[in-house]
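The values are calculated or read from the model by the stated rules, or taken from the named source; none is laboratory data. Quantities reported herein were computed from a predicted structural model and do not represent experimental measurements. Cβ coordinates were reconstructed from backbone atoms using ideal geometry, including for glycine residues, and neighbour counts include every protein chain displayed.
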Amino acid sequence: MPKAYWMATYRSITDPAALAKYAELALPALQAAGARFLARGMPAQVYEAAPHQRAVLIEFDSVAQAIAAHDSPGYQAALQALGQGAERDIRIIEAAN
C-alpha cells in the first residue's frame, strides 16, 4: 500500500493566537493517528506561481490513515480552536511508490 502525503499551505493567518492553539492540539492528535511531520515552515525558495506561504508536509502510511487522522475527534477539536484564524489549503495525495 503506497504512503500518503498531507500537504497544507497557509494562504493567510489572521489570528496567530488561534493558530497557536490549533498547533498545540493538532500536533499530538495527528501524531497519535500515525503522522510523521517531514517539513513545516516558510519555503526556502518558490518557483513559478507559488506564493511565499507557510507550508506543512506530513507523511502517513496510507491515504485511509491520513483521512482518518483528519476526521479524528482530536483533529476536529484542533480545527474548532483554529476557527477562522487562518485560510488554508489541505491536500492528501497518494505516493507514486
So if I check each of LEU82, LEU27, which one is out of contact with any helix residue (DSSP H, G or I) (no Cβ under 7 Å at 6 or more places or on another chain) and either polar (S, T, N, Q) or at negative phi (or both)? LEU27
Exactly one of ALA77, ALA29, ALA4, ALA17 is touching a Ser or Thr at 6+ places or on another chain (Cβ under 7 Å), at pLDDT 95 or above and over 21 Å from ALA96 (Cα atoms), and that one is ALA29
Only residues that are in contact with a strand residue (DSSP E or B) (Cβ under 7 Å, 6 or more places away or on another chain) and either among the acidic types (Asp, Glu) or over 15 Å from GLN84 (Cα atoms) (or both): list them for region 16-43, please. LEU30, GLY34, ALA35, ARG36, PHE37, LEU38, ALA39, ARG40, PRO43
